[in-house]
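The values are calculated or read from the model by the stated rules, or taken from the named source; none is laboratory data. Nothing here was measured: the structure is a model prediction, and the numbers come from that model. Backbone-built Cβ (ideal geometry, glycine too); neighbour counts: all protein chains shown. Accessible surface is based on the protein model in full, side chains and every heavy atom, while ligands, DNA and RNA are left aside. Shrake-Rupley method; radii C 1.70, N 1.55, O 1.52, S 1.80 Å.
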Amino acid sequence: MEPGDVSRRLETARLLRERGIQPYRKRFPRTHSAAEVVQRWDTLAEVAVAGRVKALRGHGKAVFADLVDDSGKIQIYLKADHLGGEKFDLLSLVDVGDIVGVRGSVFKTRRGEISVLVDDFEILTKALRDPPEKFHGLRDVELRYRRRYLDLAANPGVKANFALRSRIIRCIRNLLESRGFMEVETPMMQPVPGGALARPFVTHHNALDVELFLRVAPELYLKRLAVGGFEKIFEINRNFRNEGVSTKHNPEFTMLELYQAYADYNDMMELTEELVFSVVNEVCGGTTVEYQGSKLDFARPWKRITWLGAVKEYAGLEPELDAGAEELGALARGAGVQCDPGEKRGKILDRLFSTLVEPHLVQPVFILDYPVEISPLARRRDDQPLLTERFELYVHGFEVANAFSELTDPVEQKLRFEHQEELRRGGDAEAHAFDRDFLTALEYGLPPTGGLGIGMDRLVMLLTDSPSIRDVIFFPLLRPEQPRD
């Protein structure tokens, strides 16, 4: 904003103080919201409403203005002969963007617009900057993300999307609690990063002089609670992964993670389908959703296909899971997948699937039975030990949920951790660290358990037709702002 805009408004604030008017008031006793006035206008007499001035329209000795609050917009009508000349003259010190409170009577104009005839008004907050494009819309995408407060004020659709986000999370929380799940909280700072294949953020606790990690997932702590006897638990909270930023990745994001004792990944599939279907039906009013030009149908049941079956169907490949890394790498490169020499088997398998299969997974589909190399915390299939009882839910080409029958055997989990530790020593910063306390917990006995994680930001993206995860996170991480010309 140009310095002159601020200077002019600072001068206006000074003039208000000269008249004995405080331009930053402490409170204003509202009686109704804008929406309530519009909805109940014929039953109301005197009202007190407050909001931000969105527009000012002068007509000599009369002024119309629009006030916007959290519920919507209400028109106010200010007349010189009704307010008195001295009070009416104060309107010259009111700018678009200021926050004001008014008291008056409700009426309907000849054009049919519900309005408030103002008996008195107060300037509650003097804005020192002009609103973006005079509130006709903030279209600079980077500025929208950096100054979300302007985005919310200027673009009603953005505010509606975040309100829908809150409703989606509330709906999921209510559904889980109605099914006997208890909400819990687990540590954000952890001495050992674990629960997901991801690079962690590192921090330091000065008083204890120890290195800590922002959690990449709550999984290992939630499973500790399951060892302790909590049979149905969930957490909706932040995870932190020190990875790239894209339309589907933000280093700080919100996950739902839950665990249910005496259940497996088949039970988790049923629960996932029920949760997502119920949320779509409640917030979208049906089973179909328009997302970026595609019509997504969430009607049950959803398609189910194995990981190997999907690779064969969409990529025309049949990788041998017991093949060496060199053989798998040659297979992937032959299909056009970029693989570096010396890359490990798990990385090759993961890149092959993400490159050749994920773009085809548009309608809701469960991908089942992932290779054990990329599922270090999942139970092996009894009949196919190179595969695990794991599934992921894909919609419109990206993962929305991940779940598996939990590995409860502490001996095998130790072997898996040792393999992950070898990968870490080899330079894989995303491999699991060796969590010895978690192994100790497993040795006391984790019951058969199913676990599920749902990416809340990605689910909200789908249900609000948002092209980027940044559109559904209030304050996404951005590069440092460059000076503007």
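General observations
- Residues VAL6, VAL118, ordered by accessible area of protein heavy atoms at a 1.4 angstrom probe radius and largest first, appear as VAL6, VAL118.
- Among [x] 16, 35, 21, 8, 6, 6, 5, 3, 1, 0; [y] 19, 42, 26, 12, 0; [z] 18, 41, 36, 5, 0, the entry derived from the coordinates for P(r) over Cα pairs in 20 Å bins from 0, in percent: [y]
- R0 of 56 Å, Cβ-Cβ distance ARG436-GLN482: FRET efficiency to nearest 0.05: 0.80
- Once backbone amide H atoms are built at 1.01 Å from N, HIS396 has VAL362, GLN363 as its partners under 5 Å, excluding neighbours fewer than 5 places away on the same chain.
- Helical mean residue ellipticity (222 nm; -39500 (n - 2.57) per DSSP H run of 4+; nearest 500) of the chain: -10000 deg cm²/dmol
- Taken along the Cα-to-beta-carbon direction at a fixed 7 Å, the label points for HIS204 and PHE475 span 2.5 nm.
- Only alpha carbons enter this Debye calculation for the range 233-297, each as an equal point scatterer, and the log10 of I(q)/I(0) it gives at q = 0.28 Å⁻¹ is -1.06.
- For ALA127, the residues whose amide H sits under 5 Å from its own are ASP98, ILE99, ignoring neighbours fewer than 5 places away on the same chain, with H placed 1.01 Å from N.
- Value of relative contact order over the chain, rounded to a whole percent, pairs C-alpha under 8 Å and six or more apart: 13
- Placing R0 at 51 angstrom, the Cβ-Cβ distance between THR31 and ASN242 gives a FRET efficiency of 0.55 after rounding to 0.05.
- Expressed as a whole percent, the accessible surface of the chain that belongs to carbon and sulfur atoms is 50, based on a 1.4 Å probe.
- Cα-based reach from LYS87 at 19 Å (exclusive), listing lysines while leaving out same-chain residues under 8 positions away: LYS61, LYS79, LYS126
- Taking the centroid of alpha carbons for each part, the range 348-373 and the range 249-326 are 10 Å apart.
- Accessible area per residue in Å² at 1.4 Å probe, computed on the chain: 49
- Taking trypsin sites (Lys or Arg not before Pro) across the range 149-199, the ones in a DSSP loop with at most 14 further Cβ atoms lying within 10 angstrom of their Cβ are ARG179.
- Cα gyration tensor shape for the range 83-224, rounded if a/c is under 1.5, else prolate or oblate: prolate
- Proximal lysines to LYS248, defined as alpha-carbon separation beneath 22 angstrom and excluding residues fewer than eight positions away on the same chain: LYS159, LYS295, LYS347
- Taking 7 Å steps out from each Cα toward its Cβ at GLU46 and GLU422 produces label points 8.2 nm apart.
- Added length on full extension, which subtracts the Cα-Cα distance from 0.36 nm per residue, ASN174 to LYS414: 82.7 nm
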